[in-house]
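Asker: Take a look at this one; I'll ask things after.
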There are 2 protein chains.
Amino acid sequence: MPTFKITIAYDGTNYVGWQVQPNGPSIQEKLQQALFKITEEKTVVVGSGRTDAGVHAWGQVASFETASTLSPEKLLRALNAQTPYDITVISIERAPDDFHAIRNAKKKRYRYFFQDGRILDPFGLRYAWFVPFEMDEQAMHRAGQVLIGEHDFTSFAAKKTQTKTNIRHIYGLTVTRETTPLLSRIVLEVEANGFLYNMVRNIAGALQPVGTGRQSESWLGELLALKNREHPGMTAPPQGLFMVDVTYD
Amino acid sequence: MPTFKITIAYDGTNYVGWQVQPNGPSIQEKLQQALFKITEEKTVVVGSGRTDAGVHAWGQVASFETASTLSPEKLLRALNAQTPYDITVISIERAPDDFHAIRNAKKKRYRYFFQDGRILDPFGLRYAWFVPFEMDEQAMHRAGQVLIGEHDFTSFAAKKTQTKTNIRHIYGLTVTRETTPLLSRIVLEVEANGFLYNMVRNIAGALQPVGTGRQSESWLGELLALKNREHPGMTAPPQGLFMVDVTYD
């Protein structure tokens, strides 16, 4: 059947995450419901990666098959008419019939936002981790460079999950400060060939005490060398995380 | 009694507006409650202007008197500990005892945001007016220039309110397009010595059909010349409006 590739943006605040779950509304469910209303087919929308409850996306990519003969333009408009206001299909294209949003993904990019300092941005609560201290983003940037390259990232995996391999390749990691209309915020950006479950939030959680000065810049390297999740590094809260884009061949 | 001047930012989504009202929570009420908890005094917090339900502020200014001997720094921290997460006191300073946030205001600046085009920004719903057509921000900018200067703005006043005079002086008005991480939005910025009730929203509502091409660029001038509110210009919805700053002597 014809396969489509869609790029989706969503505010994850009101969802249990990407994946269909019995305990509440998910992004995948809303897209599948929208497709059912349009095509009367029960389709599975395959996302490039599962985002957790409260995690946002500017460029999640998903694929689905449909026998519908609607043009991509009409399908895009119909989808956006059916999805809730906080889920938007940004673009759509016909993909090769064997295209699969997970299997064909080559690179993924995430951003994680921290809002530091005593004065909280009243517009940032749903989109950043508030850290009530001044943070040194340059120290965080230097500390994170040790993660670049191919490594066993077991230390930054979720405690409970098991995967065939915990080896991933981080192509780039930067920590910078950007101004907002009101204040400023710190942005961690990471690009890799793939991520373990909770990996970006665990990297953000390990960088936080480097930013506040409670850990030295060598801490990330020490954690990486442990190859073990049993260490005092935190998992950063979900609302600071944005899936930015996914690269395919 | 010692008088303080505070600058406040708030997300107006969950409030009935600045002013204390019986029908729901207001920004003024939350600030007065916070001050009561800190000082045990019933104080009136005087805002530089009343913002409506759903209108936001980056730089609302307010004044209040207190017999408290707390330093401004301690008062700032105590206020932010007591206010809800979507109201932040950005700064505080001792002001002359006769300082009054309304009477002493010389200039006010507002921004109004439009999000145009077919694809909605899922992060923008609470902070912009969605206009599902492409808009021409340059035409809007040119159309708005006729409002600059001292004029009788009766045509842009709210229908029901009466003021001593409807003459105001607009110092600057620009319409530009700015990119967001996902899409782009159009920003109307207006600075004046004061604004009639709903004046910015009525200017934004009149500029909207110029942007979409349903009205010519001369329309704003025609409306201004009417000196009468009975015309087909719309009042733009509140969520696109931000009080940016207030200038004092």
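The values are calculated or read from the model by the stated rules, or taken from the named source; none is laboratory data. Note that the structure is predicted; figures quoted are calculated from it, not measured. Cβ: placed from backbone, ideal geometry, glycine included. Neighbour counts: every protein chain shown. Side chains included, ligands, DNA and RNA excluded: accessible areas come from the protein's heavy atoms. Shrake-Rupley method; radii C 1.70, N 1.55, O 1.52, S 1.80 Å.
Asker: In the Gaussian network model of chain A, springs joining C-alpha atoms below 10 Å, which of A:GLY221, A:GLY233, A:GLY12 carries the largest mean-square fluctuation?
Answerer: Looking only at A:GLY221, A:GLY233, A:GLY12, the largest GNM fluctuation is found for A:GLY221.
Asker: Here's another thing I want to ask about it. Could you work out, residue by residue across A:121-132, how many beta carbons of other chains sit within 10 Å of that residue's beta carbon, and then give the average as an integer?
Answerer: Across A:121-132, the average partner-chain Cβ count within 10 Å equals 4.
Asker: Please list the three semi-axes, largest first and in whole Å, of the ellipsoid equivalent to chain A, using sqrt of 5 times the eigenvalues of its alpha carbon gyration tensor.
Answerer: Its equivalent ellipsoid spans semi-axes of 34, 21, 15 Å.
Asker: Beyond 25 Å, what share of the Cα-Cα pairs of the range B:1-124 remains, rounded to the nearest whole percent?
Answerer: 25
Asker: Then there's this: State, in square angstrom and to the nearest 100, the accessible area buried between chains B and A, both chains counted, probe radius 1.4 Å.
Answerer: 2100
Asker: Now for a separate question. Would you pull out the residues with amide H under 5 Å of A:ASP116's amide H, same chain only if 5 or more places away, H placed 1.01 Å from N?
Answerer: For A:ASP116, whose amide H was placed from the backbone, the distant partners under 5 Å are A:VAL131, A:ILE186.
Asker: Any chance you could look up the accessible area of A:HIS169 with a 1.4 Å probe, heavy atoms only, rounded to 10 Å²?
Answerer: About 60 Å², ignoring ligands and nucleic acids.
Asker: Would you calculate the separation in nanometres between label points at A:GLU40 and B:SER216, each defined as 7 Å from the Cα along the Cα-to-beta-carbon direction?
Answerer: 5.1
Asker: Need one word for the range A:39-108: rounded, prolate or oblate. Basis is the Cα gyration tensor (sqrt eigenvalues a ≥ b ≥ c); a/c below 1.5 gives rounded, then a/b vs b/c decides.
Answerer: It is oblate, given that a/c is not under 1.5 and a/b is not larger than b/c.
Asker: I need the phi-derived Karplus couplings for the range A:62-74: 6.51 cos²θ - 1.76 cosθ + 1.60, θ = phi - 60°, integer Hz, Gly and Pro marked x.
Answerer: Running phi through 6.51 cos²θ - 1.76 cosθ + 1.60 with θ = phi - 60° gives 9, 10, 7, 10, 8, 8, 4, 9, 4, 5, x, 4, 5 Hz.
Asker: Kindly identify the range A:91-239 as rounded, prolate or oblate by the Cα gyration tensor criterion: order the square roots of the eigenvalues as a ≥ b ≥ c, call it rounded if a/c is under 1.5, otherwise compare a/b with b/c, prolate if a/b is larger, else oblate.
Answerer: oblate
Asker: What gaps in nm, shortest first, separate B:ARG103 from its twins in the other copies when you place the label 7 Å past Cα toward the beta carbon?
Answerer: Those separations, rounded to one decimal, come out as 7.7 nm.
Asker: Assuming R0 = 22 Å, can you tell me the calculated FRET efficiency for the pair A:ARG50 and A:ASN14, based on Cβ-Cβ distance, to the nearest 0.05?
Answerer: 0.85
Asker: Using only the alpha-carbon atoms of the range B:128-197, report the extent along each of the three principal axes, biggest first, to the nearest angstrom.
Answerer: Rounded to whole Å, the extents work out to 45, 24, 18 Å.
Asker: Hey, could you grab the Kirkwood Rh for the range A:1-55? Inverse mean 1/r over distinct alpha carbon pairs, Å, one decimal.
Answerer: It is 11.8 Å.
Asker: Right, here's the next one. List the residues whose amide H sits under 5 Å from the amide H of B:ARG168, counting only those 5 or more places along or on another chain, with H placed 1.01 Å from N in the peptide plane.
Answerer: B:HIS151, B:PHE153
Asker: Just round it to a whole percent: the fraction of Cα-Cα distances in the range A:195-249 exceeding 15 Å.
Answerer: Counting every Cα pair in the range A:195-249, those more than 15 Å apart make up 52 percent.
Asker: Another question, if that's okay. When Cβ neighbours within 10 Å are restricted to other protein chains, what is their mean count per residue of peptide B:15-25?
Answerer: Partner Cβ neighbours, averaged per residue: 0.
Asker: Treating the point 7 Å from Cα along Cα-beta-carbon as the label, what are the nm separations from A:SER216 to the other copies, to one decimal?
Answerer: Distances between equivalent label points, in nm: 7.5.
Asker: How high is the FRET efficiency between A:LEU125 and B:TYR171 when r is their beta carbon distance and R₀ equals 41 Å, given to the nearest 0.05?
Answerer: The formula returns an efficiency of 0.75 here.
Asker: Further question on the same structure: Taking 8 Å as the Cα distance limit and 6 or more residues as the minimum spacing, I'd like the relative contact order of the range B:1-133 as a percentage.
Answerer: Averaging sequence separation for qualifying contacts and normalising by length gives 31 percent for the range B:1-133.
Asker: Additional query: Shortest first and in nm to one decimal, what separations exist between A:THR235 and its copies in the other chains, measuring from label points 7 Å along the Cα-to-beta-carbon line?
Answerer: 4.8
Asker: Under the definition of Cα pairs under 8 Å and six or more residues apart, what whole-number percent is the relative contact order of the range A:128-249?
Answerer: Relative CO of the range A:128-249 lands at 34 percent.
Asker: Other chains near A:77-87: what is the mean number of their Cβ atoms within 10 Å of each residue's Cβ?
Answerer: That average works out to 2.
Asker: Using a probe of 1.4 angstrom, how much of the accessible area of chain B is carbon and sulfur, in percent?
Answerer: 50
Asker: For the protein assembly as shown, compute Rg over Rh where Rg is the Cα radius of gyration and Rh is the Kirkwood radius from the inverse mean 1/r over Cα pairs.
Answerer: 1.02
Asker: Counting only C-alpha contacts under 8 Å and six or more residues apart, can you give the relative contact order of chain A as a whole percent?
Answerer: In percent, rounded to a whole number, it is 24.
Asker: Show that you can apply the helix-only estimate: for chain A, add -39,500 (n - 2.57) for every DSSP H stretch of four or more residues, divide by all residues, and state [θ] at 222 nm to the nearest 500.
Answerer: The helix-only estimate for chain A comes to -6500 deg cm²/dmol at 222 nm.
Asker: How large is the charge dipole for the range B:139-191, taken about the Cα centre, if only the Cβ atoms of Lys, Arg (+1) and Asp, Glu (-1) carry charge, to the nearest 20 debye?
Answerer: 240
Asker: Which value, in Å³ per residue, describes the convex hull spanned by the Cα atoms of the range B:92-162?
Answerer: It is 194 Å³ per residue.
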